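Notes for the one structure printed next.
Read-outs throughout are calculated quantities, based only on the coordinates presented, and are distinct from any laboratory measurement. If you're wondering where the values come from, they're calculated on a predicted model, not measured in any experiment. In this analysis, Cβ positions are derived from the backbone assuming ideal geometry, glycine residues included, and neighbour counts consider all displayed protein chains.
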Amino acid sequence: MKNNTQLTQTGYQQLQGELDSLKIKKEQIITEIEEVAQPDESGEDGLATQLKEELELILDKIEQLEHVLETAQIITKGTKKANVVQVGTTVKLKISGNSIKQFSIVSDLESDPTQNKISDSSPLGLALLGKKINQSIEVDAPVGKITYKIVDIK
């Protein structure tokens with residue numbers, strides 16, 4: 001995991017919410033483990049073992065999110081360079097000379113293609129970083145090379 005992940009304010013808040021939910025779930029699982037982990041002569045039952053495994057996964061995820069949130073750089077309008085594609089910008093692209101589509105460039109942790117939020121480490125995101133209005137880029141896709149022209153940057 002790279003240090004100083006760049007996050008939008010919305011992305012930071014979403015990750016904070018996810019962290020808070022995981023902490024609540026952690027407490028619920030600990031309570032469940034205490035309730036079912038009354039070993040009899042046969043030892044611990046399968047449910048307690050399953051809950052402990054789930055708890056371990058949650059603890060790992062909590063640790064990862066805490067690290068990201070502690071080291072994250074929040075991208076605000078003041079930290080963005082004018083007219084240059086970077087994390088936190090919204091880019092309007094003309095695709096192969098025809099349709100126009102808009103994408104927000106975000107970190108891996110915030111990406112959601114269904115909402116046109118693409119990761120800065122995706123092939124398109126990487127190709128766009130540092131580019132300016134009217135520049136064209138080519139990206140390899142399963143259907144072949146696609147040409148994108150930057151129409152606007154917000």
Tell me the angle of helix 46-71 to the major Cα principal axis of the chain, expressed in degrees between 0 and 90 and rounded to the nearest ten. 40
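Any idea what diffusion coefficient the chain gets from Stokes-Einstein, in µm²/s, Kirkwood Rh on alpha carbon pairs, 10 °C, 1.306 mPa s? Don't jump to the answer; show the numbers that get you there.
On the way: Rh = 18.2 Å.
In µm²/s, the coefficient rounds to 87.
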With a/c under 1.5 counting as rounded, go ahead and sort the range 80-153 into rounded, prolate or oblate using the C-alpha gyration tensor (a ≥ b ≥ c being the square roots of the eigenvalues; past the cut-off, prolate if a/b is larger than b/c, else oblate). oblate
Could you give the length gained on full extension between K23 and T114, defined as 0.36 nm per residue of separation minus the Cα-Cα distance, in nm? 30.0 nm
In vacuo Debye sum over C-alpha of the range 6-75, base-10 log of normalised intensity I(q)/I(0) at q = 0.11, 0.19 Å⁻¹, listed in q order, is -0.37, -0.75
How high is the relative contact order of the chain, given as a whole-number percent (alpha carbon pairs under 8 Å, six or more residues apart)? 23
For K94 and T10, what is the calculated FRET efficiency with R₀ set at 35 Å and r taken between the beta-carbons, to the nearest 0.05? 0.85
